[in-house]
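Comments concern the structure below.
The numbers here are math on the coordinates, done by the rules we state, and not lab data. Predicted model, so just to flag it, every value in this text is computed and none were measured. Virtual Cβ from ideal backbone geometry, glycine too; neighbours counted across all protein chains shown.
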Amino acid sequence: MQSHSISRPVAGVIAIVLTFLLTSGAAADSARERERNPGPKPTVVLVHGAFADASSWNAVVDGLRDRGFSVIAPADPLRGVQSDSAYAASILDTLTGPLILIEHSYGGIIISNAAAITHNAQNVKALVFVAAFIPDVGEAAQDLSPLPGSLISPSTLQLRTCPVASCAAGAEACIDPLHFREIMAGDQPLEKTQLLAATQRPVSLTGFSDRSEFAAWHTVPSFSIVPTEDHAIGAANERVMAQRAHAQTIEVKASHLVMLSHPEAVVRLIESAAAGH
């Protein structure tokens with residue numbers, strides 16, 4: 001009876017094919033396991049801006065919780081970039097696991113710094129700028145609206161003496177209630193904007209002039225939502241900053257307080273940022 005032996009080249013090809021099939025099967029099993037057990041979702045940290053408070057995120061918080069995210073929306077002291085950034089960083093220091101940081105308006109400056117100085121900087125997986133300033137190192141809020149669109153000016157602000165010594169500039173500003181709706185929330189009912197104007201939190205004047213010491217977007221993936229009817233920062237200015245930061249950007253026909261009128265759009269963008277971590 002004649003025996004047949006497999007030549008070495010043929011045997012080598014068979015070994016390669018078997019190895020490929022085995023490793024492909026293991027990779028597929030691993031991918032299926034990741035789909036079944038994707039691991040914990042990142043914690044979402046929402047930072048509000050000037051002339052607002054953390055309640056401005058309420059509808060976004062509800063949407064994120066419905067999708068299984070852990071959420072924290074701390075109060076931004078609004079006393080100045082350095083002190084506010086240090087405060088935000090101290091909050092980030094207490095958190096564990098991956099973090100997605102969401103910032104509105106002036107909060108964009110705070111998180112651009114806090115994300116760089118927190119002890120948990122390595123856990124910050126994405127930044128989401130919602131109608132927000134996106135400063136580079138050395139820039140201040142007062143530098144970041146050079147194009148038409150912002151209606152904030154000395155004539156639309158009310159100044160008052162700071163009630164406590166922690167306000168370094170000695171004065172703070174809020175938006176004149178007569179102008180609040182057209183600047184901040186033109187797509188909201190009049191009664192609601194009157195309430196928002198009455199409960200707005202003023203910002204120290206140093207919030208406009210303090211310069212950013214860090215710009216975390218240089219190293220952290222960034223996302224941006226630009227409301228086309230924004231009259232606080234101005235949509236054109238937000239587009240320029242988002243493009244410079246190479247942020248994945250969407251636009252929505254909305255006012256500066258886009259999280260009030262279009263919370264679902266904000267939630268979807270946050271989901272996109274979280275999916276890539």
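Brief remarks follow.
- Computed over the stretch 114-230, relative contact order equals 43 percent, with contacts defined as Cα pairs under 8 Å that lie 6+ residues apart.
- With the charge dipole of the stretch 34-190 set up from +1 on Lys and Arg Cβ and -1 on Asp and Glu Cβ about the Cα centre, the Cα lying farthest toward the positive end among the listed residues Ala140, Ile109, Leu64 is that of Leu64.
- Rg/Rh ratio calculated on Cα atoms of the stretch 133-277 (Kirkwood radius): 0.98
- Amide H to amide H distances under 5 Å link Ser224 with Phe129, Gln248, Thr249, Ile250, where only residues 5 or more positions off or on other chains count and H is placed in the peptide plane.
- Cα gyration tensor category, rounded, prolate or oblate, for the stretch 72-158 with a/c compared to 1.5: prolate
- A convex hull fitted around the alpha carbon atoms of the stretch 127-211 yields 128 Å³ per residue.
- Global geometry of the stretch 191-277, whether rounded, prolate or oblate, following the gyration tensor of its Cα atoms and the 1.5 cut on a/c: oblate
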